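Novice: I'd like to ask you about the structure that follows.
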Amino acid sequence: MLGKLQKNVMEILAGAPHQPLSRYVEWMITVVVLVNCSAVILDSVPEIHAEYKEFFHELEFWSVMFFTVEYVLRVWSLGARFTPEQGGAWKGRKGYIFSAFGLVDFFATAPHYVHIFFPGLDLRILRVLRLLRILKLSKYNTALQDLFQAVYAERRAFGSAAFLLLISTVVSASLMHFAEGHEQPEFFGSIPHAIYWSIVTITSGYGNVEPVTKAGEVIALLTGFLGVCMAAIMTGIVASAFATQLSRKKSAYLLQLRKVLEDGVVSDAERNTLKHLQTQYRLSDADVKKMVDEINTEKAALS
Amino acid sequence: MSQAPTGRLPRIKRRIYEILEGAVVDRASHACEIVIAGLVVANVVAIILESVHSIHEAYEAYFHIFDLFSVMVFSLEYVLRVWTYSEKHTGPGDSPWKGRKEYVFSMFGLVDFFSTVPFYLQLLFPGADLRVLRMFRLLRIFKLSRYNSAMEDMLEAIKAEKDSFSSAMFLLFISCLLFSSLIYIIEGHDQPEIFPSIPAAMHWFVLTIISGWGNVDPVTYLGTILVIVTQILAIALAAILTGVVATAYTAQVQRRESIYEMEVREVLADGVVTEEEQLKLKTLQAKYGMSNEQVDAIANQVKAEQSNG
């Protein structure tokens with residue numbers, strides 16, 4: 001009985017698609033997090049703080065209670081993740097506690113209790129930790145995970161862009177130092193000084209310092225143009241990473257679809273898998289329909 | 001007796017070539033790569049620190065010794081490269097100087113040469129301008145690009161889309177000529193100190209393109225319109241460049257995946273995967289920087305197709 005409850009709670013908190021309650025839990029946590037973050041922002045305005053101090057205090061108390069219950073439930077229910085043969089209750093719990101999400105959940109809540117025991121603590125640190133709560137949302141945001149995945153897949157391209165950025169910063173700064181170090185020693189007196197100018201120029205166009213020599217002028221213009229190119233390269237890599245990821249997901253889904261349709265029968269379990277995969281890959285119904293049509297025409301052509 | 005050294009020397013030469021070129025990926029060539037790359041990074045850091053006056057004063061002797069040491073290492077590297085690159089082309093009728101010439105006049109060869117040799121020039125002519133010398137030393141940073149295959153990826157991607165890039169550059173060039181001439185004609189009379197000539201107007205144009213504002217406010221209506229159009233052009237140009245880069249990268253990824261897929265198809269065609277074939281696929285995967293998931297997906301697809309057909 002307790003074991004069944006534990007398993008259900010785990011599935012609800014993990015957002016399993018066959019638990020209707022999981023959606024509401026997800027929504028509730030999201031709303032509480034958003035209300036909390038708005039409160040932190042509003043609380044920083046002195047007039048609002050003076051007027052609604054009590055209310056914010058109350059809100060903070062109940063939010064901490066809410067998140068504490070959530071955390072305790074998560075830790076408890078994740079004991080059901082692995083059977084004793086697979087490693088026991090604490091394997092799943094440990095996995096959660098030391099995951100990025102588990103740490104965020106902990107550090108977004110626990111400091112409140114520290115504050116109760118040691119009231120003399122710096123409140124600013126506490127407030128920063130409260131803002132951590134917004135990271136709880138990333139658990140529900142698959143787009144963020146997609147982003148990380150896409151960036152990770154193209155890490156080599158990003159690496160080369162970073163390398164290019166590094167080289168162009170150092171080279172342009174050094175050239176500028178050689179060209180204008182004597183003329184404007186307060187800006188280009190040393191290469192580290194000039195690196196600051198070079199980064200400003202690359203990131204925001206024309207730099208904070210006007211070059212006075214012809215050579216400096218040319219270097220500054222080239223550096224600025226390089227900045228435009230760097231922005232283009234970075235954006236281009238991200239765009240390409242997303243496009244590639246989408247096509248990869250589509251082909252993975254197509255493969256699964258082919259397998260399901262192969263025997264001509266679509267069982268309930270298979271339909272469930274496909275539905276799950278579709279939401280996970282965030283493919284639209286139109287996309288899926290197109291793929292099904294494609295496979296069907298292929299089959300018709302074969303037979 | 002006289003056979004042994006002549007047999008050993010070519011073998012040593014071959015080995016050094018392999019280590020320096022990284023043709024065979026093994027521990028020695030990897031270590032060599034790390035040592036040279038580390039020395040280059042240390043050199044660049046030294047150049048940067050040396051430019052700070054107080055640090056330069058305090059540690060001048062150390063910097064000097066370090067530079068001397070670096071030059072020794074890089075000279076040795078250069079000499080060894082030139083000597084061993086005769087191994088690059090070993091076909092019948094190939095002179096040993098073919099590979100050497102190729103290296104000496106390649107970009108890397110020139111970088112290696114010009115980042116080291118000026119030091120010796122200074123010994124011969126002590127009166128040379130130190131700034132020029134330091135500029136040449138800075139060239140050493142480009143030695144790093146030899147070890148960064150991602151850099152080659154980027155160049156390859158750009159080369160494949162060179163038509164699009166050159167058309168974007170052409171657009172930039174044409175609009176630079178057109179717009180700077182126009183602004184000179186329109187505003188040259190009203191602001192002669194800012195637009196005294198077309199080259200000066202070109203400076204304004206490039207500034208506007210890279211930073212959105214050319215440090216100048218127009219005073220005529222026509223000039224205002226022209227400035228606004230230039231600013232929009234700057235955004236459009238950034239978008240075009242971004243799009244071209246994105247397409248280039250996507251095309252490259254697709255090209256590589258299809259090359260890999262073809263290789264997998266070939267390997268799986270006879271139904272047997274030998275150890276040699278496995279190694280070949282692994283090398284290709286490493287070369288293209290593909291993740292295991294990608295590779296598995298491709299392999300699964302090929303397998304599914306072959307079981308269907």
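The values are calculated or read from the model by the stated rules, or taken from the named source; none is laboratory data. This structure is a prediction, so every number in the text was calculated from the model and none was measured. Here the Cβ positions follow ideal geometry from the backbone for every residue, glycine too, while neighbour counts run over all protein chains shown. Calculation scope for accessible area: heavy atoms of the full protein, side chains included, ligands and nucleic acids excluded. Shrake-Rupley method; radii C 1.70, N 1.55, O 1.52, S 1.80 Å.
Novice: For residues in the stretch B:20-33 being within 16 Å of B:Phe74 (Cβ to Cβ) and among the hydrophobic types (A, V, I, L, M, F, W, C), which is surrounded by the most Cβ atoms within 10 Å (Cβ to Cβ)?
Specialist: It comes out as B:Leu20.
Novice: Taking the conditions exactly as written (modelled with pLDDT of 85 or more, open to solvent by 60 Å² or more (accessible area, probe 1.4 Å), assigned to a helix (DSSP H, G or I) and β-branched (Val, Ile, Thr)), does A:Thr223 satisfy them or not?
Specialist: Details: modelled with pLDDT of 85 or more: yes; open to solvent by 60 Å² or more (accessible area, probe 1.4 Å): no; assigned to a helix (DSSP H, G or I): yes; β-branched (Val, Ile, Thr): yes.
Considered against the rule, which asks whether it is modelled with pLDDT of 85 or more, open to solvent by 60 Å² or more (accessible area, probe 1.4 Å), assigned to a helix (DSSP H, G or I) and β-branched (Val, Ile, Thr), A:Thr223 comes out as no.
Novice: Does A:Gly236 satisfy the condition of being farther than 25 Å from B:Asn215 by Cα, open to solvent by less than 10 Å² (accessible area, probe 1.4 Å) and either facing chain B (nearest Cβ under 8 Å) or aromatic (Phe, Trp, Tyr) (or both)? Give the derivation first.
Specialist: Numbers: farther than 25 Å from B:Asn215 by Cα: yes; open to solvent by less than 10 Å² (accessible area, probe 1.4 Å): yes; either facing chain B (nearest Cβ under 8 Å) or aromatic (Phe, Trp, Tyr) (or both): yes.
Yes, satisfied.
Novice: Here is a further query. If I go through the stretch B:214-246 residue by residue, how many of them are of a type outside the set (Val, Ile, Thr), outside any helix (DSSP H, G or I) and either within 14 Å of chain A (Cβ to nearest Cβ) or out of contact with any Ser or Thr (no Cβ under 9 Å at 6 or more places or on another chain) (or both)? Give the derivation first.
Specialist: Keep residues of the stretch B:214-246 that are of a type outside the set (Val, Ile, Thr), which gives B:214-215, B:217-218, B:221-223, B:226, B:231, B:233-234, B:236-239, B:241, B:243, B:246.
If we keep only those that are outside any helix (DSSP H, G or I) too, we end up with B:214-215, B:217-218.
From what is left, the residues that are either within 14 Å of chain A (Cβ to nearest Cβ) or out of contact with any Ser or Thr (no Cβ under 9 Å at 6 or more places or on another chain) (or both) are B:214-215.
Of the residues in the stretch B:214-246, 2 are of a type outside the set (Val, Ile, Thr), outside any helix (DSSP H, G or I) and either within 14 Å of chain A (Cβ to nearest Cβ) or out of contact with any Ser or Thr (no Cβ under 9 Å at 6 or more places or on another chain) (or both).
Novice: In the stretch B:123-130, is there at least one residue being surrounded by 16 or more Cβ atoms within 10 Å (Cβ to Cβ) and either within 14 Å of another protein chain (Cβ to nearest Cβ) or touching a helix residue (DSSP H, G or I) at 6+ places or on another chain (Cβ under 9 Å) (or both)? I'd like the intermediate steps shown before the answer.
Specialist: Quick first cut of the stretch B:123-130, residues surrounded by 16 or more Cβ atoms within 10 Å (Cβ to Cβ) only: none.
No, because not a single residue in the stretch B:123-130 is surrounded by 16 or more Cβ atoms within 10 Å (Cβ to Cβ) and either within 14 Å of another protein chain (Cβ to nearest Cβ) or touching a helix residue (DSSP H, G or I) at 6+ places or on another chain (Cβ under 9 Å) (or both).
Novice: Within the stretch A:283-300, is even one residue at pLDDT 80 or above, open to solvent by less than 50 Å² (accessible area, probe 1.4 Å), closer than 30 Å to B:Val245 by Cα and of a type in the set (S, T, N, Q)?
Specialist: Taking every residue of the stretch A:283-300 in turn, none turns out to be at pLDDT 80 or above, open to solvent by less than 50 Å² (accessible area, probe 1.4 Å), closer than 30 Å to B:Val245 by Cα and of a type in the set (S, T, N, Q).
Novice: Right, next: Looking at the stretch B:192-210, which of its residues are more than 14 Å from every other protein chain (Cβ to nearest Cβ) and open to solvent by less than 20 Å² (accessible area, probe 1.4 Å)?
Specialist: If the condition is that a residue be more than 14 Å from every other protein chain (Cβ to nearest Cβ) and open to solvent by less than 20 Å² (accessible area, probe 1.4 Å), then B:Phe195 is the only one that fits.
Novice: Moving on. List the number of the failed condition for A:Glu180; all other conditions in (1) crowded, with 18+ Cβ neighbours inside 10 Å; (2) closer than 30 Å to B:Gln285 by Cβ; (3) more than 8 Å from every other protein chain (Cβ to nearest Cβ) hold.
Specialist: Tallying (1) crowded, with 18+ Cβ neighbours inside 10 Å; (2) closer than 30 Å to B:Gln285 by Cβ; (3) more than 8 Å from every other protein chain (Cβ to nearest Cβ), A:Glu180 fails exactly one: (2).
Here's the yes/no breakdown for (1) over 30 Å from A:Gln280 (Cβ atoms); (2) open to solvent by less than 40 Å² (accessible area, probe 1.4 Å); (3) not acidic (Asp, Glu):
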site: A:Arg127; (1), (2), (3): yes, no, yes
site: A:Arg133; (1), (2), (3): no, yes, yes
site: A:Phe148; (1), (2), (3): no, no, yes
site: A:Ala161; (1), (2), (3): no, yes, yes
site: A:Leu166; (1), (2), (3): yes, no, yes
site: A:Leu175; (1), (2), (3): yes, no, yes
site: A:Phe187; (1), (2), (3): yes, no, yes
site: A:Ile191; (1), (2), (3): yes, yes, yes
site: A:Ser204; (1), (2), (3): yes, no, yes
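Novice: Residues to consider are B:Ile16, B:Ile36, B:Ile47; find the one that is farther than 30 Å from A:Phe178 by Cα, surrounded by 11 or more Cβ atoms within 10 Å (Cβ to Cβ), in contact (Cβ under 8 Å) with a residue 60 or more places away in the chain and among the β-branched types (Val, Ile, Thr).
Specialist: On inspection, the qualifying residue turns out to be B:Ile16.
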